[in-house]
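Input: a single structure, listed below in structure tokens.
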Amino acid sequence: QVRLQESGPGLVKPSQTLSLTCTVSGGSISSNYYYWSWIRQPPEKGLEWMGTIIASGSTYYSPSLTSRTSISRDTSKNQFTLQLRSVTPEDTAVYYCARVGGTWDNMDYWGKGTLVTVSS
């Protein structure tokens with residue numbers, strides 16, 4: 001089965017870059033049949049889609065985050081990464097990586113999430 005695991009620092013200072021890695025097992029991030037996404041959930045708020053990377057390496061971002069967000073991948077390690085620049089305390093959230101299967105809204109496998117706190 002497909003498993004995803006988020007990893008990275010749990011605390012980031014304001015104005016710095018938040019960096020997370022999603023390690024995938026049981027499936028290839030180079031597959032033409034699936035996409036790979038980052039989603040976050042601030043405390044007491046709903047899920048927010050951040051962006052997606054597809055097999056070609058092309059990326060798509062939420063309009064509200066596109067100026068600060070970069071998603072990349074390392075196919076040799078079967079990992080994809082998130083970078084969110086110039087963070088503020090409003091970026092504090094549980095961050096998830098997920099696979100998109102079939103259609104864009106079918107996020108069929110998720111990591112368990114990792115809490116990142118932005119604070120000085």
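The values are calculated or read from the model by the stated rules, or taken from the named source; none is laboratory data. For clarity, every value in this text was computed on a predicted model and none was experimentally measured. Heads up, the Cβs are rebuilt from the backbone with ideal geometry, glycines too, and the neighbour counts pull from every protein chain shown. Only protein heavy atoms, including side chains, enter the accessible area calculation; ligands, DNA and RNA are left aside. Shrake-Rupley method; radii C 1.70, N 1.55, O 1.52, S 1.80 Å.
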In the stretch 94-116, anything open to solvent by less than 40 Å² (accessible area, probe 1.4 Å), in contact with a Cys (Cβ under 8 Å, 6 or more places away or on another chain) and part of a strand (DSSP E or B) is listed as Cys97
Go through (1) under 10 Å from the mean Cα position of the chain (by Cα); (2) in contact (Cβ under 8 Å) with a residue 40 or more places away in the chain; (3) farther than 13 Å from Val12 by Cα and name the single condition Gln83 misses.
(3)
Cys97 passes all but one of the listed conditions (1) touching a Gly at 6+ places or on another chain (Cβ under 6 Å); (2) farther than 18 Å from Val2 by Cα; the exception is number (2)
Strands (runs of 3 or more DSSP E) wholly in the stretch 17-93 with at least 1 residues that are in contact with a Gly (Cβ under 8 Å, 6 or more places away or on another chain) - which ones?
18-25, 34-41, 59-61, 69-74, 79-84
Considering residues that are among the polar types (S, T, N, Q) and outside any strand (DSSP E or B), the number found within the stretch 1-16 is 3
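Per-residue answers, yes or no, for (1) open to solvent by 40 Å² or more (accessible area, probe 1.4 Å); (2) farther than 21 Å from Ser72 by Cα:
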site	(1), (2)
Val12	no, no
Ser25	yes, no
Asn32	yes, no
Trp38	no, no
Pro43	yes, yes
